[in-house]
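The values are calculated or read from the model by the stated rules, or taken from the named source; none is laboratory data. Quick caveat, the model's predicted, so the values are computed rather than measured. Cβ placement follows ideal geometry from the backbone for every residue including glycine, while neighbour counts extend to all protein chains displayed.
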Amino acid sequence: MRLDACGTVGLTAHMGRPSAKKRSVAIKSSGGDDESARGRLLSAATRLFCKDGINATGIDAIIHEAGTAKTTLYKLFGSKTNLVHVVLETEGKQWREWFIAALESGGGDAQTKLTRIFPALKDWFGQERFYGCPFINAVGEHDKDQKQFRAIAMRHKKVVLAHIEKLASEMGAAEPQMLAHQLALLMDGAIVAAMVSRNPGVADMAGLAADSLFAPSKLRKPKRTGAATAQLVAV
């Protein structure tokens, strides 16, 4: 499956970039096909936000790429901020669908599915249009006290973590939540490293680190002892 935009299964795969002639026609008929215009605007905004950054991408660049009028963008989305929110929500949904399918494809037990995390990421990192995680990028380039992008990013991460935690529980991990967070940290680190280095092989290193977590995660924690014994152990 080919990944587009920020590496996700993007709208650009289906819409394509309109030619100059098509853009002029689209501008003239912008009020006649809102759904088509919405798709082109999302496709253009997604590519430009991921490639150039949200702050660096102006409205004019988006409407030029999409072949629509500025009034159409404001009619459909209201503002650039609203457009950013829709892009992030759309990208997140598409990425999660791709990621979960990549883990589940081929069946196998829960641990087998978890070991597919980093090979899947490596495929993503190798895509021409891989520009990193749109959520990490969005939070990174804005005021760190700004809650709106962090909230969208956390909702996305919550869904991803929940699926990994479910597999960790099925695998028999003593602390599925902890294992899920450990794997997620390795994922985030690999994504940032791949974005900076442009080397998909960082996923292999992260995968080796992940493999070392599986066996220890199945060890059952010892039963809690009395306070006096616990103090002796601590000493």
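The rows are residues; the columns are (1) more than 30 Å from Ser217 (Cβ to Cβ); (2) modelled with pLDDT of 95 or more; (3) of a type outside the set (Gly, Ala, Ser).
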{"position": "Ala69", "(1), (2), (3)": "yes, no, no"}
{"position": "Lys80", "(1), (2), (3)": "yes, no, yes"}
{"position": "His85", "(1), (2), (3)": "yes, no, yes"}
{"position": "Glu104", "(1), (2), (3)": "no, yes, yes"}
{"position": "Trp124", "(1), (2), (3)": "no, yes, yes"}
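Being in a helix (DSSP H, G or I) and among the acidic types (Asp, Glu) is the filter here, so list the residues in the stretch 168-187 that pass it.
Going through the stretch 168-187, the residues in a helix (DSSP H, G or I) turn out to be 168-171, 176-187.
Listed by number, the list holds a single entry, Glu170.
For (1) at negative phi; (2) in a helix (DSSP H, G or I); (3) surrounded by fewer than 17 Cβ atoms within 10 Å (Cβ to Cβ), each residue gets a yes or a no:
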residue: Gly107; (1), (2), (3): no, no, yes
residue: Thr112; (1), (2), (3): yes, yes, yes
residue: Phe135; (1), (2), (3): yes, yes, no
residue: Gln148; (1), (2), (3): yes, yes, yes
residue: Ala153; (1), (2), (3): yes, yes, no
residue: Ile164; (1), (2), (3): yes, yes, no
residue: Gly189; (1), (2), (3): yes, yes, yes
residue: Asp204; (1), (2), (3): yes, yes, yes
residue: Ser212; (1), (2), (3): yes, yes, yes
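Within the stretch 174-184, identify whether any single residue is free of Cβ contacts under 8 Å to residues at least 24 places away in the same chain and out of contact with any Asp or Glu (no Cβ under 7 Å at 6 or more places or on another chain), and answer yes or no. Within the stretch 174-184, one or more residues are free of Cβ contacts under 8 Å to residues at least 24 places away in the same chain and out of contact with any Asp or Glu (no Cβ under 7 Å at 6 or more places or on another chain).
Taking the stretch 62-111 as the range and being of a type in the set (A, V, I, L, M) and more than 24 Å from the chain's Cα centre (by Cα) as the test, the residues that pass are Ile63, Ala69, Leu73, Leu76. Looking across Leu42, Leu48, Leu73, Leu114, one residue alone is in contact with a helix residue (DSSP H, G or I) (Cβ under 8 Å, 6 or more places away or on another chain), in the same structural domain as Phe149 (by TED's automatic domain parsing) and not aromatic (Phe, Trp, Tyr). It is Leu114. For His142, work out the one condition from (1) touching a Phe, Trp or Tyr at 6+ places or on another chain (Cβ under 8 Å); (2) surrounded by fewer than 17 Cβ atoms within 10 Å (Cβ to Cβ); (3) assigned to a helix (DSSP H, G or I) it doesn't fulfil. In the conditions (1) touching a Phe, Trp or Tyr at 6+ places or on another chain (Cβ under 8 Å); (2) surrounded by fewer than 17 Cβ atoms within 10 Å (Cβ to Cβ); (3) assigned to a helix (DSSP H, G or I), His142 misses (3) alone. Residues of the stretch 37-89 that are surrounded by fewer than 17 Cβ atoms within 10 Å (Cβ to Cβ), assigned to a loop (DSSP other than H, G, I, E, B), in contact (Cβ under 8 Å) with a residue 60 or more places away in the chain and at negative phi: Asn55 alone.
Within the stretch 113-120, is even one residue among the hydroxyl-bearing types (Ser, Thr, Tyr) and either more than 21 Å from the chain's Cα centre (by Cα) or more than 24 Å from Arg40 (Cβ to Cβ) (or both)? Yes, some residue in the stretch 113-120 is among the hydroxyl-bearing types (Ser, Thr, Tyr) and either more than 21 Å from the chain's Cα centre (by Cα) or more than 24 Å from Arg40 (Cβ to Cβ) (or both).
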